[in-house]
1. Given (1) more than 27 Å from S71 (Cα to Cα); (2) surrounded by 14 or more Cβ atoms within 10 Å (Cβ to Cβ), identify the lone condition not met by Y342.
2. If you take the residues in segment 242-264 that are in contact with a helix residue (DSSP H, G or I) (Cβ under 9 Å, 6 or more places away or on another chain) and surrounded by fewer than 17 Cβ atoms within 10 Å (Cβ to Cβ), which one is farthest from L325 (Cα to Cα)?
3. What is the number of the single condition among (1) surrounded by fewer than 19 Cβ atoms within 10 Å (Cβ to Cβ); (2) within 12 Å of the ligand (Cβ to nearest atom); (3) on the phi < 0 side of the Ramachandran plot; (4) not aliphatic (A, V, I, L, M) that G139 does not meet?
4. Hey, any hits in segment 214-233 for a residue that's modelled with pLDDT under 95 and away from the ligand (no atom under 14 Å from the Cβ)?
5. Among S68, S62, which is within 12 Å of the ligand (Cβ to nearest atom) and outside any strand (DSSP E or B)?
6. Among the residues of segment 170-201, write down those that are assigned to a loop (DSSP other than H, G, I, E, B), in contact (Cβ under 8 Å) with a residue 12 or more places away in the chain and more than 12 Å from the ligand (Cβ to nearest atom).
7. Restricting to segment 293-308, what's the tally of residues that are free of Cβ contacts under 8 Å to residues at least 40 places away in the same chain and either among the aromatic types (F, W, Y) or in contact with a Gly (Cβ under 7 Å, 6 or more places away or on another chain) (or both)?
Amino acid sequence: MTEALPAELTIEQSIDLKPYNSLSISAVAEYFCVVDHIDQLHRALNFAHKNKLKVTPLGGGSNLVIASDISGLVLQINLKGLTIKPVERDMLDICFSAGENWHAMVSHCLENGWYGLENLALIPGNMGAAPIQNIGAYGVELCEFLQSVEVVEVATGKVLTLSCEDCEFGYRTSIFKQAAKDSYIITAVTLRLSKMPRVNIEYPSLKASLTSDQPTPKEIYQAVCKIRRSKLPDPAEIPNVGSFFKNPIVQSEMAANLAVDYPELPIYPYSVSSSKLAAAWLIEHCGFKGCRRGDVGVHPHQALVLVNYQGNGSAILALADEIKLQVLQTFSVELEIEPRIYGTIT
Ligand SMILES: Cc1cc2nc3c(=O)[nH]c(=O)nc-3n(C[C@H](O)[C@H](O)[C@H](O)COP(=O)(O)OP(=O)(O)OC[C@H]3O[C@@H](n4cnc5c(N)ncnc54)[C@H](O)[C@@H]3O)c2cc1C
């Protein structure tokens, strides 16, 4: 059987990225192309090398802030498809191409009786970006399922497979945000799921929203979707990137001191010697919830969500700086921005 030849790669110049990022920021990519096939990815990387262009991969654009026009080549990774491999009696490995939409795949898995991802329903974005910050929600993280990540090395075009251990996952982080930042394009992600229902209802607000203490995976999926829809603004209506800051991890001693001064501050155990603080509480306590600075602001119901009414990346980042400074001065706690920043900060 002959395989259809992939379509030619079209590289365009001066493309406005506004439709490609959930903050709806208008900024121009010097070069831009959509990659539908692995051959096109290799051709795009060759083009970038020949012309000495920096390469910026893009998925659904729901975890980035574009501070200015982006020089070099922006690649939207649109590789599609999935393959399934049974591994043990009750388990199977599913290899998802990087351009598959995350939530659509969570729904597809549930419909087919492949369980585990229900708590991660409705997270925006694509499969290829999920390992970048080890996406997590409602007490579950991607790394609990991840078997391997297929990548193409930007510098050499080499195809490599990284194991879960290689990815060095942590809370909203991985090797792709640290030592291997900008080194790889992720082309596929393999997750190990269960054919037997396996539920996790440890997260307090999820547990409280369930009517049964032995819920089915479908009930968990529905509860997570309901909570998220009631809590988080839809980027299609109010442009945002979800949580703008990570929940800070501090030494337990410092957390204990903060608990004395601020008994309402939510504090969660993180490791034997550290605790996680609720960033939303810190920001709200500093009076930013619902604030507006020109065409950007903080969502009126979600202090962790910065929103773009009609502003630009610089205005969003200026507000983020103001919040960081105020939180530092008030609590001596440093907030870290969660989305990746591209372009030059002015
Ligand atoms: C309303 C809302 C709610 C959210 N809730 C959550 C949540 O509960 N938990 C959570 O963890 N996150 C959450 N997020 C953040 C975001 O959805 C995730 O980080 C998601 O994985 C980003 O996917 P994306 O395809 O949009 O990535 P993009 O924004 O396109 O890219 C993010 C980063 O990954 C890189 N990247 C993308 N694709 C590839 C690839 N194929 N190869 C190499 N690098 C790549 C980009 O260069 C960029 O640095 C939320 C965002 C929004 C808007």
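The values are calculated or read from the model by the stated rules, or taken from the named source; none is laboratory data. Just so it is clear, the structure is predicted and the values come from calculations on it, not from any experiment. Positions of Cβ are generated from backbone atoms using ideal geometry, with glycine treated the same way; all protein chains shown enter the neighbour counts.
1. Going through (1) more than 27 Å from S71 (Cα to Cα); (2) surrounded by 14 or more Cβ atoms within 10 Å (Cβ to Cβ) one by one, Y342 breaks only (1).
2. Step one: of segment 242-264, the residues in contact with a helix residue (DSSP H, G or I) (Cβ under 9 Å, 6 or more places away or on another chain) are 243-248, 250, 258, 261-262, 264.
From what's left, surrounded by fewer than 17 Cβ atoms within 10 Å (Cβ to Cβ): 261-262, 264.
On the way: D261: 19, Y262: 19, E264: 21 Å.
Result: E264.
3. Among (1) surrounded by fewer than 19 Cβ atoms within 10 Å (Cβ to Cβ); (2) within 12 Å of the ligand (Cβ to nearest atom); (3) on the phi < 0 side of the Ramachandran plot; (4) not aliphatic (A, V, I, L, M), G139 violates only (3).
4. Yes, segment 214-233 contains at least one residue that is modelled with pLDDT under 95 and away from the ligand (no atom under 14 Å from the Cβ).
5. On the way: S68 fails: within 12 Å of the ligand (Cβ to nearest atom).
Only one candidate qualifies: S62.
6. K195, M196, P197, R198, V199, N200, I201 - these are the residues of segment 170-201 that are assigned to a loop (DSSP other than H, G, I, E, B), in contact (Cβ under 8 Å) with a residue 12 or more places away in the chain and more than 12 Å from the ligand (Cβ to nearest atom).
7. Initially, segment 293-308 is screened for residues free of Cβ contacts under 8 Å to residues at least 40 places away in the same chain, giving 293-298, 300, 303.
Then drop every residue that is not either among the aromatic types (F, W, Y) or in contact with a Gly (Cβ under 7 Å, 6 or more places away or on another chain) (or both), which leaves 294-296, 298, 300.
Residues flagged as free of Cβ contacts under 8 Å to residues at least 40 places away in the same chain and either among the aromatic types (F, W, Y) or in contact with a Gly (Cβ under 7 Å, 6 or more places away or on another chain) (or both) within segment 293-308 amount to 5.
Table: residues versus (1) within 13 Å of the ligand (Cβ to nearest atom); (2) assigned to a strand (DSSP E or B); (3) under 22 Å from V199 (Cβ atoms).
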residue	(1), (2), (3)
L92	no, yes, yes
C109	no, no, yes
G113	no, no, yes
N119	yes, no, yes
L122	yes, no, yes
I132	yes, no, no
T161	no, yes, no
